[in-house]
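Undergrad: Pasting in a structure now, in structure tokens, and then I'll have a few things to ask.
The values are calculated or read from the model by the stated rules, or taken from the named source; none is laboratory data. Note that the structure is predicted; figures quoted are calculated from it, not measured. Ideal geometry is used to build each Cβ from the backbone, glycine not excepted, and the neighbour counts take in all protein chains shown.
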Amino acid sequence: MAFYEVYSHPALIRYKTSVCTKATLFFVIVLCLTYIPPLLVAYRSQGFWLKRSTYEEQPHIRFQYQILLTGATSTTGDYVAWSTYHNFNHLLGSNLRIPSVSVQEEDLNQDGKFDRLSLQLELPLKPEEQIYSIQLLLTFSYQLFRMSTVVMQTLVYVQHSSSVPGSQLFVSGDLRLYQRIPLPHRGLHTAYNVSVIDGTSPFASAYDLVKIIQAYQERNLTTYLSCPSPLWTVGRASDAPFRINAEIHYPLEIISYRPGFWETIKFAWIQYVSVLLIFLWVFHRIQTFVFQNQVLPTVPIHQVKEHRP
Amino acid sequence: MTVINSIVPARFLTLIAHLVIVITIFWSRSNNVQACLPLDFSEEEYNTEDTRLVVALSVTLGLFGVELAGFFSGVSMFNHSQSLLSLAAHCSASICLSFFVFQKWECWTYWFIFAFCSVIPALCELILFIAVFGLKKKPF
């Protein structure tokens, strides 16, 4: 009958020595060479400690129904304006024109977060007035929940001027987040939950666009409208109002954040262990060769069950 | 017997590999010297660092002479501990020096490689020389 191997199992041989021998020195050196070089290899090949990572989330954006509108009606500095702040409208005097505003916020994919804002504004003008430039400021509330909780009030500023008087301004773009520094990975961030325009102030300086934008740009987290140039249509009929048509989409945002301790440790550990396995295998083979062939003297102890006769 | 059949050729190969790469560094040392100088360096600074590296490489060649003399004369060819030490030192030196050349390490890192991987085996070789020829001990 044919002879074949039916089963096998490893037999353990232990090698013993005292503390002050060459074998101990060899063992200590091998220990250092097994566990320290993988750390060096993983660290020097860059990316060991994760410093910045990204995640994607669609933010909760709601239009706050506060608008500030200014339009220049001549090239010599005449203007008309309107806002949703009573104090600002009082300061305008005869430059105030009250438009009719229609706003829809739509949730297109029914996930509970708004996806698009459609704003139509019709500004009545006297027949001899022409609009040469428009400055429009809209306020939003912006919320993120997935990593750190961010609640803030932000704005969108649209400006367009032309040397030709216009009849319609069309703006279509995405509301994007601009970060100067990465967000933390957890915690509550409400430092910017302050209205961008102080509507209770009776002073004109509170509604100065330069000061508003200057204070707004001091923030580390801002939003802006990312769009190609606004479309300026010319040829207004003398009795037609000036139309502003704005479509602002709220897209999925890719947000960068600083990973926390455990995420950093997890990725560092993965990198270290994957290199350590190679070094463990190599030095296992070297140690087996050295101790099995008694290159350094040790006492081998075989575990053999003695058969009683 | 089979142990010596493996250890002696391995030791010879690692010794020669280390020697070859040290000789190669003689020709390719300009990148390493530039790596340890600031962006705007003068001719004298370059020459100083270059001379230092050349001195280190030359001393390494001298120590190689000591080790090869000990190896080929039979003083340490059959000594297991010295073989193992020499094997480990020259193997790590070859790996580190190939990184030295390819990754353009700074010239002062060569002193570390020199200390651990050239000086220590040569020192042990000298001790064995003294033990065999001076104290009349057997080589293995």
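Undergrad: The conditions are (1) of a type in the set (Phe, Trp, Tyr); (2) over 23 Å from A:Val295 (Cβ atoms); (3) away from every other protein chain (no Cβ under 12 Å), and B:Phe99 fails exactly one of them. Which is it?
TA: That leaves (3) as the condition not met.
Undergrad: Which one of these is more than 30 Å from A:Phe279 (Cβ to Cβ) and touching a helix residue (DSSP H, G or I) at 6+ places or on another chain (Cβ under 6 Å): A:Phe88, A:Phe63, A:Phe48? Steps first, please.
TA: Details: A:Phe63 fails: touching a helix residue (DSSP H, G or I) at 6+ places or on another chain (Cβ under 6 Å); A:Phe48 fails: more than 30 Å from A:Phe279 (Cβ to Cβ).
None of the other options fit; the residue is A:Phe88.
Undergrad: Quick check: anything in segment A:233-249 away from chain B (no Cβ under 14 Å), among the hydroxyl-bearing types (Ser, Thr, Tyr) and in a strand (DSSP E or B)? Let's see the steps before the verdict.
TA: Start the filter on segment A:233-249 by keeping residues that are away from chain B (no Cβ under 14 Å), which leaves A:233-249.
Restricting the remaining residues to those that are among the hydroxyl-bearing types (Ser, Thr, Tyr) gives A:233, A:238.
Within this subset, residues satisfying the condition of being in a strand (DSSP E or B) are A:233.
Within segment A:233-249, one or more residues are away from chain B (no Cβ under 14 Å), among the hydroxyl-bearing types (Ser, Thr, Tyr) and in a strand (DSSP E or B).
Undergrad: Could I ask something else about it? For B:Cys124, are the conditions met, namely being crowded, with 17+ Cβ neighbours inside 10 Å, within 13 Å of chain A (Cβ to nearest Cβ) and touching a His at 6+ places or on another chain (Cβ under 8 Å)? Show your work before the answer.
TA: Details: crowded, with 17+ Cβ neighbours inside 10 Å: yes; within 13 Å of chain A (Cβ to nearest Cβ): yes; touching a His at 6+ places or on another chain (Cβ under 8 Å): no.
No; evaluated as a whole, the condition is false for this residue.
Undergrad: Restricting to segment A:164-222, name every residue that is of a type outside the set (S, T, N, Q) and in a helix (DSSP H, G or I). Full working, then the answer.
TA: First, pick out the residues of segment A:164-222 that are of a type outside the set (S, T, N, Q): A:164-166, A:169-171, A:173-178, A:180-189, A:191-192, A:194, A:196-199, A:202-204, A:206-213, A:215-216, A:218-219, A:221.
Within segment A:164-222, A:Ala204, A:Ala206, A:Tyr207, A:Leu209, A:Val210, A:Lys211, A:Ile212, A:Ile213, A:Ala215, A:Tyr216 meet the criteria.
Undergrad: Looking at A:Arg186, A:Arg176, which one is touching a Ser or Thr at 6+ places or on another chain (Cβ under 9 Å), exposed (fewer than 13 other Cβ atoms within 10 Å of the Cβ), more than 30 Å from A:Asp239 (Cα to Cα) and of a type in the set (D, E, K, R)? Let's see the steps before the verdict.
TA: Numbers: A:Arg176 fails: exposed (fewer than 13 other Cβ atoms within 10 Å of the Cβ).
Exactly one residue qualifies, and that residue is A:Arg186.
Undergrad: Still on this structure: Looking only at segment A:256-309, which residues are touching a strand residue (DSSP E or B) at 6+ places or on another chain (Cβ under 6 Å) and within 17 Å of A:Leu50 (Cβ to Cβ)? Steps first, please.
TA: Keep residues of segment A:256-309 that are touching a strand residue (DSSP E or B) at 6+ places or on another chain (Cβ under 6 Å), which gives A:256-257, A:259, A:291, A:298-302.
Matches in segment A:256-309: A:Ser256, A:Tyr257, A:Pro259.
Undergrad: Please identify the pairs in which a residue from segment A:1-27 that is more than 14 Å from chain B (Cβ to nearest Cβ) has its Cβ atom under 8 Å from the Cβ atom of a residue that is assigned to a helix (DSSP H, G or I) and not aromatic (Phe, Trp, Tyr), counting only partners at least 6 apart or on another chain.
TA: Taking only residues 6 or more apart or on different chains, the pairs are A:Ile13/A:Gln292; A:Tyr15/A:Ala23; A:Ser18/A:Thr24.
Undergrad: Then there is this: Considering only residues of segment B:2-31 that are of a type in the set (Ser, Thr, Tyr) and within 14 Å of chain A (Cβ to nearest Cβ), which is surrounded by the fewest Cβ atoms within 10 Å (Cβ to Cβ)?
TA: Of the residues in segment B:2-31, the ones of a type in the set (Ser, Thr, Tyr) are B:2, B:6, B:14, B:24, B:28, B:30.
Narrowing further to those that are within 14 Å of chain A (Cβ to nearest Cβ): B:2, B:6, B:14.
Working: B:Thr2: 7, B:Ser6: 12, B:Thr14: 19.
Only one residue fits best here, namely B:Thr2.
Undergrad: If you go through segment A:28-47, how many residues are away from chain B (no Cβ under 14 Å), at pLDDT 95 or above and either in a loop (DSSP other than H, G, I, E, B) or surrounded by fewer than 15 Cβ atoms within 10 Å (Cβ to Cβ) (or both)?
TA: The qualifying residues number 1.
Undergrad: OK, next. Does segment A:252-272 hold any residues that are closer than 27 Å to A:Pro37 by Cα and touching a residue at least 24 places away in the same chain (Cβ under 8 Å), and which are they?
TA: First pass over segment A:252-272, keeping only residues closer than 27 Å to A:Pro37 by Cα: A:259-272.
Across segment A:252-272, the qualifying residues are A:Pro259, A:Gly260, A:Glu263, A:Thr264, A:Phe267, A:Ala268, A:Gln271, A:Tyr272.
Undergrad: With respect to A:Leu296, is the statement that it is outside any helix (DSSP H, G or I) and crowded, with 17+ Cβ neighbours inside 10 Å true?
TA: Working: outside any helix (DSSP H, G or I): yes; crowded, with 17+ Cβ neighbours inside 10 Å: yes.
Judged against the criteria, A:Leu296 is a match.
Undergrad: Given (1) in a loop (DSSP other than H, G, I, E, B); (2) among the hydroxyl-bearing types (Ser, Thr, Tyr); (3) closer than 30 Å to A:Asp115 by Cβ, identify the lone condition not met by A:Ser256.
TA: Result: A:Ser256 passes all but (1).
Undergrad: Could I ask something else about it? Quick one: would you say A:Gly112 is among the small types (Gly, Ala, Ser), modelled with pLDDT under 95 and part of a loop (DSSP other than H, G, I, E, B)?
TA: Values: among the small types (Gly, Ala, Ser): yes; modelled with pLDDT under 95: yes; part of a loop (DSSP other than H, G, I, E, B): yes.
The answer is yes for A:Gly112.
Undergrad: Still on this structure, I have one more. Given the options A:Val275, A:Val210, A:Val196, A:Val295, name the one that is in contact with a helix residue (DSSP H, G or I) (Cβ under 7 Å, 6 or more places away or on another chain) and without any contact (Cβ under 8 Å) to a residue 40 or more places away in the chain. Before you say what the answer is, go through the steps one by one.
TA: On the way: A:Val275 fails: without any contact (Cβ under 8 Å) to a residue 40 or more places away in the chain; A:Val210 fails: in contact with a helix residue (DSSP H, G or I) (Cβ under 7 Å, 6 or more places away or on another chain); A:Val196 fails: without any contact (Cβ under 8 Å) to a residue 40 or more places away in the chain.
Just a single option satisfies the conditions, and that option is A:Val295.
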